[in-house]
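The values are calculated or read from the model by the stated rules, or taken from the named source; none is laboratory data. Bear in mind that the values here come from a model prediction, so they are computed numbers and not experimental data. Note that each Cβ is placed from the backbone with ideal geometry, even for glycine, and that neighbours are counted across all protein chains shown. Just so you know, the surface numbers come from the protein's heavy atoms only, side chains and all, with ligands and any DNA or RNA stripped out. Shrake-Rupley method; radii C 1.70, N 1.55, O 1.52, S 1.80 Å.
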Amino acid sequence: GGTIKKDFISEHAYKRHKYDASRKSTSNRTQYGKDVDVAELRRLTMTQPDQAWSSRDKGGPWRTFYRKQFNKNISTKDTSKTHNRVIINTADSSKNTQFPLSFKN
């Protein structure tokens with residue numbers, strides 16, 4: 001579920017995007033839903049992505065991005081999201097992350 005630490009790809013992803021009933025999910029800091037299978041979302045996003053690409057910023061490490069849309073909300077009612085994003089940092093695995101993707105206007 002959205003609260004199980006071992007299901008998340010990194011400590012950062014868990015701390016920032018776990019389900020937390022004490023705060024609202026926002027477009028700048030989305031959180032997974034309480035009963036969402038975070039590990040399975042990551043697996044499906046990486047093995048069957050809608051999109052995948054690699055890039056680097058200003059000579060920094062290469063990062064690989066995976067994006068997948070699901071047919072149900074993976075976040076909370078505050079931020080109903082169907083897109084999942086996984087980012088793999090090739091230089092530092094502690095910077096890997098995953099989150100419900102919020103498109104900003």
Self-check item: Those residues of the stretch 32-45 which are assigned to a helix (DSSP H, G or I) and either under 18 Å from Asn71 (Cβ atoms) or open to solvent by 80 Å² or more (accessible area, probe 1.4 Å) (or both), in sequence order
Solution: Val38, Glu40, Leu41, Arg42, Arg43, Leu44, Thr45
Quiz prompt | Restricting the stretch 59-105 to residues that are of a type in the set (Gly, Ala, Ser) and touching a residue at least 40 places away in the same chain (Cβ under 8 Å), the residue that is nearest to Leu44 (Cα to Cα) | solution = Ser75
Self-check item: Residues located in the stretch 59-88, provided they are hydroxyl-bearing (Ser, Thr, Tyr), surrounded by 19 or more Cβ atoms within 10 Å (Cβ to Cβ) and in a strand (DSSP E or B)
Solution: Tyr66
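Yes/no matrix, rows are residues, columns are (1) open to solvent by 40 Å² or more (accessible area, probe 1.4 Å); (2) touching a Gly at 6+ places or on another chain (Cβ under 9 Å); (3) within 20 Å of Phe103 (Cβ to Cβ):
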| position | (1), (2), (3) |
| --- | --- |
| Gly2 | no, yes, no |
| Ala21 | yes, no, no |
| Thr30 | no, no, yes |
| Asp50 | yes, no, yes |
Quiz item: Take the residues of the stretch 5-19 that are without any contact (Cβ under 8 Å) to a residue 40 or more places away in the chain and out of contact with any helix residue (DSSP H, G or I) (no Cβ under 7 Å at 6 or more places or on another chain): which is most open to solvent (accessible area, probe 1.4 Å)?
Solution: Lys6
